[in-house]
Amino acid sequence: MDKVKLLDEALANTKYWCGDNITLADLSVMTSITTAKGADLDLSAFKNVGRWLKELETNYASWWKELVTDPVEGFRGFLRAKHAPR
């Protein structure tokens, strides 16, 4: 969670990770953060990360569900099935 804290601190002063425009860095880090959320890690303490994700989801809604929400939900289902009592 230390790395998420660093991201949260960096996002305190910028819209995106490297400034006011989205870059490949945002998309790269976004995959890690959304995967962590898919694993049900609680990221609610990181307000700037939450704002940043909402910004990405809102501005890129045309592809967000297909490229983020659906795969994350699939990953979450996989983890739950893998760790379900047998």
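Tabulated data
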quantity	calculated
Taking only Cα atoms of the chain, radius of gyration then Dmax in Å	13.7, 49
Computed [θ] at 222 nm, deg cm²/dmol, the chain (DSSP H ≥ 4; -39,500 (n - 2.57); rounded to nearest 500)	-19000 deg cm²/dmol
Farthest positive-ward along the chain dipole, Cα basis, beta-carbon charges - from Leu56, Val68, Tyr16	Val68
Relative exposure of Leu24, Leu41, judged by other C-beta atoms within 10 Å (fewest first)	Leu24, Leu41
Surrounding net charge for Arg51, when Lys and Arg each add one and Asp and Glu each subtract one, Cβ distance under 14 Å	-3
Relative contact order of the chain, pairs being alpha-carbon contacts under 8 Å that are 6 or more residues apart, as %	31
Centre separation in Å (Cα based) which lies between segment 31-81 and segment 1-27	15
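Every number in this text was worked out from the coordinates using simple rules, so none of it is lab data. This one's a predicted model, so the numbers in the text were calculated from it and none came from an experiment. Cβ: placed from backbone, ideal geometry, glycine included. Neighbour counts: every protein chain shown.
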